[in-house]
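For reference, the structure discussed in these notes is given below.
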Amino acid sequence: MSIHVEVREIGGLTLDAAEALAFVDATGNGAGALFIGVVRNLNQGRKVRGVSYDVFAPLAEQGFTEICAEAKQKWGEDLRLFVAHAKGRLDVGGISIVLAAGSPHRGEAFAACRYLIEEIKTRSPIWKQEHYVDGDSEWVKGHALCSHG
Amino acid sequence: MLVKVQMFGAFRVLGDYLELTLPDDANVLDLRLSMQRQLEEFELTELLELSKFADEKAVLADSDLCKNNQILAILPPVSGG
């Protein structure tokens, strides 16, 4: 398999960049591109303590697979792709998503990695609830999904 | 027919699931309208308008037919990554 997609429950193994790079490695590859999404301590002027990720996992994983297939169609079937998104609560500094693309050439690896994150952010059934230092919590306003019809 | 809707994101305030009884020939639009009536007191009707329904395979159109004992998910605007 040249694609790995996963929604990972926090409390099990944390997301791991080394695991992603190892998966996309291949003897024919000259490039590996990596993207890591991390919980930051400030959003729109509010101090953030952590973020909870809610995920409709079956549909999310199917969507990740479709997005990977699109990337391979655009930048080559020899791409190796890794997608893992966290589900559950993360503190500031926690890794929410790890993406990696391995390819014979850097251009395709960078482009595919960028494509994965941009598409996942707007198409995947994942929701972020921010927890603030003042004790308040709020669901982040996001992107409305499109249906097939 | 009975349709169970799994809650996600801001809809979690309603619990994990909402069960709705619908006419036998109901489609997703009928489900949406039925939910709308129940959500008025929670000030979630605007969010419902921006939301989609889905099964485990696809996001559904309002014209898609519901099935008895079906479990669907309500998907408010997404914010992953």
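The values are calculated or read from the model by the stated rules, or taken from the named source; none is laboratory data. The model shown is predicted, which means the values in this text are computed figures rather than measured ones. Every residue, glycine as well, gets a Cβ built from its backbone with ideal geometry; the counts of neighbours run over all protein chains shown. Heads up: the accessible areas ignore ligands, DNA and RNA and are worked out on the full protein's heavy atoms, side chains in. Shrake-Rupley method; radii C 1.70, N 1.55, O 1.52, S 1.80 Å.
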For this session: Calculate the spin-label point distance for B:N27 paired with B:E43, positioning each point 7 Å from the Cα along the beta-carbon direction, and give it in nanometres.
Result: 3.3
Exercise. What longest range of chain A stays clear of loop-exposed trypsin sites (Lys or Arg not before Pro) (DSSP non-H/G/I/E/B, at most 16 other C-beta within 10 angstrom)?
Worked result: A:41-140
For this session: State, to one decimal in nm, how far the label point of A:R89 lies from the label point of A:T27, with both points 7 Å from Cα in the Cβ direction.
Result: 4.9
Seminar exercise, completed: With A:V98 itself left out, Lys, Arg at +1 and Asp, Glu at -1 over residues whose Cβ is under 11 Å from its Cβ give -2
Problem set entry | ³J(HN,Hα) computed for each position of the stretch B:8-14 - Karplus, 6.51 cos²θ - 1.76 cosθ + 1.60, integer Hz, glycine/proline x | 9, x, 4, 6, 4, 4, 8
Exercise. In chain B, which trypsin sites (Lys or Arg not before Pro) are in a loop and have at most 15 other Cβ atoms within 10 Å, using DSSP for the loop call?
Worked result: B:K57, B:K67
Exercise. For A:K47, which lysines qualify as cross-link partners when the Cα separation must be under 18 Å and same-chain residues fewer than eight apart are set aside?
Worked result: A:K128, A:K141
Exercise. If you build a Gaussian network model of chain B, linking Cα atoms that sit under 10 Å apart, which residue out of B:F53, B:F42, B:F11 swings the most?
Worked result: B:F42
Problem set entry | J(HN,Hα) series, the stretch A:42-58, from Karplus relation 6.51 cos²θ - 1.76 cosθ + 1.60, nearest Hz, glycine and proline x | 8, 9, 6, x, 9, 6, 9, 9, x, 9, 9, 9, 9, 9, 8, 4, x
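How far, in nm, would the chain grow between A:R106 and A:Q44 when pulled straight, counting 0.36 nm per residue and subtracting the alpha carbon separation? List each step's numbers first, then the result.
Values: separation 62, 0.36 × 62 = 22.32 nm, distance 3.40 nm.
Difference between extended and current length: 18.9 nm.
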Exercise. GluC sites (Glu not before Pro) within the stretch A:68-133: which are DSSP loop residues with at most 14 other Cβ atoms inside 10 Å?
Worked result: A:E77
Exercise. How much accessible surface area, in Å² rounded to 10, belongs to the heavy atoms of B:Y17 with a 1.4 Å probe?
Worked result: 100
Exercise. Mind listing which GluC sites (Glu not before Pro) in the stretch B:25-64 are in a DSSP loop and have 10 or fewer other Cβ atoms within 10 Å?
Worked result: B:E43
Exercise. Residues with amide H under 5 Å of A:K87's amide H, sequence separation 5 or more or different chain, H placed in the peptide plane at 1.01 Å from N; which?
Worked result: A:R8, A:E9, A:I10
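Dividing the alpha-carbon radius of gyration of the stretch B:2-75 by 2.2 N^0.38 Å (N being the number of residues), what value is obtained?
The reported ratio for this selection is 0.98.
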Exercise. Stokes-Einstein D for the protein assembly as shown at 10 °C, 1.306 mPa s, Kirkwood Rh over Cα pairs, in µm²/s?
Worked result: 85
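Around A:I3, under 13 Å between beta carbons, what's the net of Lys plus Arg minus Asp minus Glu among the other residues? Don't jump to the answer; show the numbers that get you there.
Numbers: positive: A:K72, A:R80; negative: A:E6, A:E61, A:E66, A:E70, A:E77, A:D78.
Within the 13 Å Cβ shell, the charges total -4.
What does the charge count around A:C146 come to, taking other residues whose C-beta lies under 11 Å from its C-beta (Lys +1, Arg +1, Asp -1, Glu -1)? Can you show the working numbers first?
On the way: positive: A:R123, B:K52; negative: none.
Taking every other residue near A:C146 into account, the sum is +2.
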Seminar exercise, completed: Straight-line reach check, B:K67, cutoff 22 Å on alpha carbons, 8 or more apart in-chain or any other chain, hits among lysines -> B:K4, B:K52, B:K57
Problem set entry | For the stretch A:16-26, Karplus couplings with θ = phi - 60° (6.51, -1.76, 1.60), whole Hz, Gly/Pro x | 9, 4, 4, 4, 5, 5, 5, 5, 7, 6, 7
